[in-house]
Amino acid sequence: MNTIEKTAQSVLTHPVADIRSGYGWKFLTPWGSTEGRDTPGIAHKRGQTAAADYELPRPAQKWGEWQVHPQPNAPDGQDCGAGRWLVMKKLDARYAPKGWWPWFAEYRGVIGESEEKAGVSELRLRRVRPQVFWRIARFGRLSGADLSGANLSEAYLSGANLSGAYLSSADLSDANLRNVDLGSANLRNANLRRADLRNADLSNADLRNADLSNADLRNADLSNADLRNADLSNANLRRADLYRTNLRGANLIGTNLSNEESNQESR
């Protein structure tokens, strides 16, 4: 049965949703599911409870095929619940599964919506390449976003505005975060191993239990940051601003805390 036939059958057998359409984001595992294959039965971090698998675009396709919800509800004004698929209107992973990746979504058949998300009866997906995701961050579109658990290992995010972002348990190992604004960001339990954080703004950031081993933090602003129990072993904090920084319980073995000038700081 092709997509047109599926749509026709849905219209004939189920209540018809609002015909409004739009664009948004889906946060799915790499194989297009709302839950991890390694943890069956454990769905979203919070919010939805039922897992779903989505049809992804094939290698030669820009967009995947339109998918029709098997049992769509009639319009009820609710942005979530049974009988609809959830589409986020902004890049916000608060309802995402573990190991998520963002997918661009086009939707139609609005059952209910809010400023945050829409519940829809039909959608199709488009792949978001890592370089595109990084560019969105550099354009400042992710300031204050919930990106907990994000996989940004080796990402090029130099100069990005991630102030106030929720990056708890995110993987930013080996990422280029030079001159990035992470002021007041939540980086609790984040992996920042070997990250380039030169001249980064980490003021007021929550870095409790974060792994910053071998990270380059030269000239970084860590004023008022919470680094309790963080791993800063072999990290380079030369001339970093540590005014009122909480380093209680932090691992400082091999950490460079010198305030002396270095002819290598511009490299």
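Hey, does the range 190-199 have a residue that's under 28 Å from Ile136 (Cβ atoms) and of a type in the set (S, T, N, Q)?
Checking the range 190-199: at least one residue is under 28 Å from Ile136 (Cβ atoms) and of a type in the set (S, T, N, Q).
If you scan the range 174-213, which residues turn out to be over 19 Å from the mean Cα position of the chain (by Cα) and on the phi > 0 side of the Ramachandran plot?
Across the range 174-213, the qualifying residues are Asn179, Arg194, Asn199, Asn204, Asn209.
Restricting the range 123-171 to residues that are among the polar types (S, T, N, Q) and in a strand (DSSP E or B), which is farthest from Asn186 (Cα to Cα)? Can you show your working first?
Within the range 123-171, the first condition is being among the polar types (S, T, N, Q), and the residues that meet it are 131, 143, 148, 151, 153, 158, 161, 163, 168-169.
When the remaining residues are screened for being in a strand (DSSP E or B), the result is 151, 161.
On the way: Asn151: 15, Asn161: 14 Å.
Across the range 123-171, the extreme among qualifying residues is Asn151.
Residues checked against (1) under 18 Å from Ala96 (Cβ atoms); (2) charged (D, E, K, R); (3) surrounded by fewer than 16 Cβ atoms within 10 Å (Cβ to Cβ):
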site: Ala118; (1), (2), (3): yes, no, no
site: Glu122; (1), (2), (3): no, yes, no
site: Arg127; (1), (2), (3): yes, yes, no
site: Pro130; (1), (2), (3): yes, no, yes
site: Ala137; (1), (2), (3): yes, no, no
site: Ser148; (1), (2), (3): yes, no, no
site: Ala155; (1), (2), (3): yes, no, no
site: Leu162; (1), (2), (3): yes, no, no
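How many residues does the range 125-139 hold that are in contact with a strand residue (DSSP E or B) (Cβ under 6 Å, 6 or more places away or on another chain) and more than 23 Å from Ser169 (Cβ to Cβ)?
Matching residues across the range 125-139 total 2.
Any idea which of (1) in contact with a Phe, Trp or Tyr (Cβ under 6 Å, 6 or more places away or on another chain); (2) outside the structural domain of Phe104 (by TED's automatic domain parsing); (3) not in a loop (DSSP other than H, G, I, E, B) is the one Val120 doesn't satisfy?
It fails just one condition, (2).
Look through Thr39, Thr49 and report the one residue that is under 28 Å from Ser153 (Cα atoms), surrounded by fewer than 20 Cβ atoms within 10 Å (Cβ to Cβ), more than 19 Å from the chain's Cα centre (by Cα) and modelled with pLDDT under 90.
After ruling out the rest, the residue left standing is Thr39.
The values are calculated or read from the model by the stated rules, or taken from the named source; none is laboratory data. Computed from a predicted model, the values in this text were never measured in an experiment. FYI the Cβ positions are ideal-geometry reconstructions off the backbone, even for glycines, and counts take in every protein chain you see.
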